[in-house]
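The structure under discussion appears below in the form of structure tokens.
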Amino acid sequence: MSGNSCSSDKSDKNVMILACSGGSNVGQLSNRAAVELTQEGFGKMFCLAGIGGNVSGFVQSAKDVPAMVAIDGCAVGCAKAILTNAKIPNPNYLVLTDLGIEKNKNFNLDAADVQTVKEAVKNLFASKA
């Protein structure tokens, strides 16, 4: 991709991670898990807002990436809607409330919940290996 980008350099696993980052604990939990996965070398976090804003380079990068996961905090499904509106297929989709994590406005994130999300993301790809 040329031009605009807010992703980090290539990592060991070329998985694009798109996180909801919404205004609830589960939105922020998706973001925290995406950051930690990137720091640990599992994929790279990418700018979901750039795709939602229809920034051409961001949309094209998402269409071209070999593997992607979208992490939504809740069933509202903002990340999924952004990808659908941009006509970007994504077979790897995770909703944190489906993991039994309750949505609330408490932004003191539980480390065990972050670990649960990271494991769920990794499991999406382990089953395809």
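The values are calculated or read from the model by the stated rules, or taken from the named source; none is laboratory data. What you see is a predicted model; the values in this text were computed from it and never measured. Quick reminder, even Gly has a Cβ in these numbers, built from the backbone with ideal geometry, and neighbours come from all protein chains shown.
Of all residues in region 100-129, count the ones that are over 19 Å from GLU40 (Cβ atoms) and not charged (D, E, K, R).
Within region 100-129, residues that are over 19 Å from GLU40 (Cβ atoms) and not charged (D, E, K, R) number 7.
Identify the residue in region 66-81 that is modelled with pLDDT of 95 or more and out of contact with any strand residue (DSSP E or B) (no Cβ under 8 Å at 6 or more places or on another chain) and, among all such residues, is surrounded by the most Cβ atoms within 10 Å (Cβ to Cβ).
VAL76
Spot the failing condition for ASN90; the list is (1) part of a loop (DSSP other than H, G, I, E, B); (2) of a type outside the set (D, E, K, R); (3) within 21 Å of MET16 (Cβ to Cβ); (4) at pLDDT 95 or above, and only one is missed.
Going through (1) part of a loop (DSSP other than H, G, I, E, B); (2) of a type outside the set (D, E, K, R); (3) within 21 Å of MET16 (Cβ to Cβ); (4) at pLDDT 95 or above one by one, ASN90 breaks only (4).
Which members of region 29-78 meet the condition of being in contact (Cβ under 8 Å) with a residue 40 or more places away in the chain, closer than 11 Å to LEU96 by Cα and touching a Ser or Thr at 6+ places or on another chain (Cβ under 8 Å)?
SER30, ILE71, ASP72, GLY73, CYS74 - these are the residues of region 29-78 that are in contact (Cβ under 8 Å) with a residue 40 or more places away in the chain, closer than 11 Å to LEU96 by Cα and touching a Ser or Thr at 6+ places or on another chain (Cβ under 8 Å).
Exactly one of these conditions fails for GLY53: (1) within 16 Å of ILE17 (Cα to Cα); (2) of a type in the set (Gly, Ala, Ser); (3) out of contact with any Lys or Arg (no Cβ under 7 Å at 6 or more places or on another chain). Give me its number.
(1)
Among the residues of region 83-99, write down those that are free of Cβ contacts under 8 Å to residues at least 60 places away in the same chain and β-branched (Val, Ile, Thr).
THR84, ILE88, VAL95
If I filter region 45-56 for residues that are modelled with pLDDT under 95, surrounded by fewer than 18 Cβ atoms within 10 Å (Cβ to Cβ), more than 21 Å from ASP110 (Cα to Cα) and among the small types (Gly, Ala, Ser), do I get at least one hit?
Yes, there is a match, as at least one residue in region 45-56 is modelled with pLDDT under 95, surrounded by fewer than 18 Cβ atoms within 10 Å (Cβ to Cβ), more than 21 Å from ASP110 (Cα to Cα) and among the small types (Gly, Ala, Ser).
Quick check, is LYS63 within 14 Å of LYS118 (Cα to Cα) and either surrounded by fewer than 20 Cβ atoms within 10 Å (Cβ to Cβ) or within 10 Å of the chain's Cα centre (by Cα) (or both)?
Considered against the rule, which asks whether it is within 14 Å of LYS118 (Cα to Cα) and either surrounded by fewer than 20 Cβ atoms within 10 Å (Cβ to Cβ) or within 10 Å of the chain's Cα centre (by Cα) (or both), LYS63 comes out as no.
Touching a helix residue (DSSP H, G or I) at 6+ places or on another chain (Cβ under 9 Å) and within 21 Å of PHE125 (Cα to Cα): does that describe ALA34?
Yes, satisfied.
Collect the residues in region 87-129 that are surrounded by 15 or more Cβ atoms within 10 Å (Cβ to Cβ) and small (Gly, Ala, Ser), keeping them in residue-number order.
Answer for region 87-129, where residues must be surrounded by 15 or more Cβ atoms within 10 Å (Cβ to Cβ) and small (Gly, Ala, Ser): just ALA120.
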